[in-house]
1. Report the Cα centroid-to-centroid distance between region A:30-45 and region A:1-28 in angstrom, as an integer.
2. Please give the average number of partner chain Cβ atoms lying within 10 Å of the Cβ of each residue in B:71-77, rounded to a whole number.
3. Less than 14 Å Cβ to Cβ from A:Ser47, Lys/Arg counted +1 and Asp/Glu -1: what total charge do the surrounding residues give?
4. Reachable lysines from A:Lys38, Cα under 22 Å, same-chain residues fewer than 8 places away excluded?
5. Using the membrane-span-like helix rule (whole DSSP H runs, Cα extent along the own axis of at least 20 Å, mean Kyte-Doolittle hydropathy at least 0.0), which helices of chain B qualify?
6. Across peptide B:22-34, what mean number of C-beta atoms from other chains lies inside 10 Å of a residue's C-beta?
7. For chain B, what class follows from the C-alpha gyration tensor (a ≥ b ≥ c being the square roots of its eigenvalues): rounded when a/c is under 1.5, otherwise prolate if a/b is larger than b/c, else oblate?
8. Taking just the alpha carbons, could you work out the radius of gyration and Dmax for region A:2-82, both in angstroms?
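Since every read-out is calculated from the coordinates, none of them should be taken as a lab result. Given the structure is predicted, the values throughout are model-derived calculations rather than measurements. Backbone-built Cβ (ideal geometry, glycine too); neighbour counts: all protein chains shown.
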Amino acid sequence: MSWILIAMILALLIPIYEACKDENIWQKMLAFASIASKTAMISLFVSVLRDDWMLGAVAVIILSVGNAGLMLLAHVIKRVSQA
Amino acid sequence: MINPLVNLFSYGCIGIGLLFWFWGTAFLPSRRSVLFKLHMLSIADTLGSMAILLGLLLKRPQEWPLLVLAIISLAIWNTVLGYVLAYCSTTEATHD
């Protein structure tokens, strides 16, 4: 199971690289959205490995509340670019 | 007899999920448009993550409330986030 975790972390590195490299704000937002859901999935996976369900609850909270934050940020960026 | 079969199916789901992850995320560093990448990411992050969660659900059926909640919130919020990002990132001329 740990090789699956290593593969997931490798998949997480791609959006981190993209977020550092790209200048366009929307490409960066895409990368951050991908990082958010991947990290939540990795922590949910670790919670299954360790049978520690407090970690699982945190991952589910990240999945729902974290995306809401990104949505608000997208609207703020849109308003700033309109002004 | 069932346990090896369930184990095999759960690893299969996790493998498919990982495949979607790598396939959808591989487009991220490319020079494509935001909407194209958004479409690829919604496949990778939403469908791939749900396949991984299905694999985890088969591994730990006694924790089904938390994992089903994760699947539902993943399906709803990733889809809505994709819509908001698509709406906000497209130029103003097409909307007003």
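1. Here the answer is 9 Å between Cα centres.
2. Details: counts 2, 3, 8, 8, 1, 3, 10.
Rounded to a whole number, the mean comes out at 5.
3. Working: positive: A:Arg50, B:Lys59, B:Arg60; negative: A:Asp51, A:Asp52, B:Glu63.
The answer is 0.
4. A:Lys21, A:Lys28, B:Lys37, B:Lys59
5. Details: long enough: B:2-25 (34 Å, 1.21); B:64-89 (36 Å, 1.72).
Span-like helices here: B:2-25, B:64-89.
6. Working: counts 5, 1, 3, 10, 2, 2, 11, 8, 1, 0, 1, 2, 6.
Shielding by partners across B:22-34 averages 4.
7. oblate
8. 14.6, 48
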